[in-house]
Structures are given as C-alpha cells and as structure tokens.
Amino acid sequence: MTAPQPELLKFAVVDVETTGGAGDANRITEIGIALLDGDEQVGEFHSLVDPGVPITPFVKNLTGITDEMVSGQPQFQALAEKIAELLDGRIFVAHNVQFDCRMVRTELKRCCVKFDPPRLCTVKTSRKFFPGLPSYSLHNLTESLGLSDFRHHRAMDDTLACAEILKLAYRKVGPERILKEVKNLSTPKKARVLNPKAQ
C-alpha cells in the first residue's frame with residue numbers, strides 16, 4: 001500500500017512596486033501575482049495602480065514607473081475584491097515577503113478587507129535550500145540558479161522570477177519541507193470583509 005501523498009500546496013507569488021514614501025504615505029503603484037498549485041503555474045494577474053500620491057524620484061529612476069504612467073489607472077480600491085479573491089486560501093510568497101505582504105495588507109485594510117495569510121519568503125527559503133551562493137538578491141539569485149534574465153523592479157517580471165525560484169525549491173525538497181518554512185499557518189487563510197463603514 002502506497003503512502004498518502006501530501007496535500008498540494010497552493011501559492012500566490014506576489015510582487016509590488018510602490019511610491020517609496022515613508023510610512024502610510026507609501027502606496028502601491030504596480031502589482032503582479034502568479035498562482036501556483038504545487039510547482040505548476042495556473043494563473044496570473046498584473047496591473048498598474050494609481051496611488052493617488054506622487055512617486056518619489058528615487059523610485060521613478062529605479063522602476064521606470066512615472067506619475068504619468070499610473071495616472072488614469074485603476075486605484076487599489078477598484079482592484080481590491082479581485083486581488084483578495086486571487087490570494088484567498090493560498091500561501092503568500094514574495095522575495096522579502098514582509099514588505100510585500102505588509103503593503104498588500106495595508107491597502108486591503110483601507111478597503112475594509114482583513115488579510116493575514118500564511119507567508120513564505122523566497123530569500124529565507126533560498127538561503128536554506130540553495131546554500132553558499134554569493135548573493136540572494138532576486139537578480140543575483142536567478143543568475144546563480146541559471147534562470148532567465150528579466151526586467152528588474154517591475155512587478156510582474158519580479159513575480160515570475162520569484163515563482164521560478166519557488167518551483168526549483170519545491171522540486172528539490174518537496175512540499176513537506178517547503179511547508180515547514182511557511183509562517184503564520186495557524187491564522188485563518190480566508191480574507192474577511194470588515195465593517196464597510198470603518199474607513
């Protein structure tokens with residue numbers, strides 16, 4: 001009799017670009033999401049976002065995203081329901097996950113959606129499962145692992161690069177070991193709508 005197979009892990013790999021402001025002034029300007037069931041990509045989502053505040057000169061230079069590019073794009077509130085639906089029930093994955101998750105959680109909170117998902121950081125995961133590399137920045141890591149080059153500091157490109165790293169780790173060590181690296185697993189995964197009057 002064969003042993004039962006571990007449950008297929010479902011991931012939402014996310015990257016956001018932001019205005020670069022301090023504290024609550026920092027808003028999302030672009031979001032990319034890749035949905036993975038195990039190591040198979042099953043969907044993706046990308047959008048520029050009108051942040052309603054200026055993008056700092058440093059970030060404009062870093063990302064190439066300008067105020068003119070985001071002007072007239074949907075504001076996060078218009079995308080919140082779709083984004084929450086895509087992320088629902090999935091492990092939130094990002095390169096430096098604390099930053100991206102905090103930004104998405106803060107934007108969803110402004111839209112009255114509570115969001116506190118299980119999280120997986122590909123920086124920490126890569127250090128553990130691909131030890132001894134010279135750098136674990138997204139660009140250098142993809143080079144070291146022999147992955148394709150990509151357009152750096154743009155949300156969908158960074159998302160897909162991060163997804164490829166996750167796939168490699170998943171194939172190398174399997175779902176059970178990946179699951180041990182996931183934080184916040186005890187928290188209910190489903191996004192919950194808060195009091196709509198609590199703006």
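Where a number appears in this text, it was derived from the coordinates with a stated rule and is not lab data. Owing to the predicted nature of the structure, the values given are computational and were not obtained by experimental measurement.
In percent, what relative contact order does region 10-186 have, based on Cα pairs under 8 Å that are 6 or more apart in sequence?
Worked out over region 10-186, it gives 25 percent.
Using the Cα atoms of region 10-186 to build a convex hull, what is its mean projected area in square nanometres?
Taking the Cα atoms of region 10-186, their convex hull projects to 9.9 nm² on average.
May I ask for the distance between the Cα centers of region 118-191 and region 34-83, given as a whole number of Å?
Centre-to-centre (Cα) distance: 20 Å.
List the aspartates and glutamates whose Cα sits under 20 Å from the Cα of K109, skipping any in the same chain fewer than 8 residues away.
K109 reaches D15, E17, D24, E30, D50, E81, E85, D88, D100.
Report the full-extension gain for the segment L145 to V173: residue separation times 0.36 nm, less the Cα-Cα distance, to one decimal in nm.
8.6 nm
Would you mind giving the three semi-axes, in whole Å and largest first, of the ellipsoid equivalent to region 58-115 according to its Cα gyration tensor?
22, 16, 10
Taking square-rooted eigenvalues a ≥ b ≥ c of the alpha carbon gyration tensor, is region 1-87 rounded, prolate or oblate, where a/c under 1.5 means rounded and, failing that, a/b exceeding b/c means prolate?
prolate
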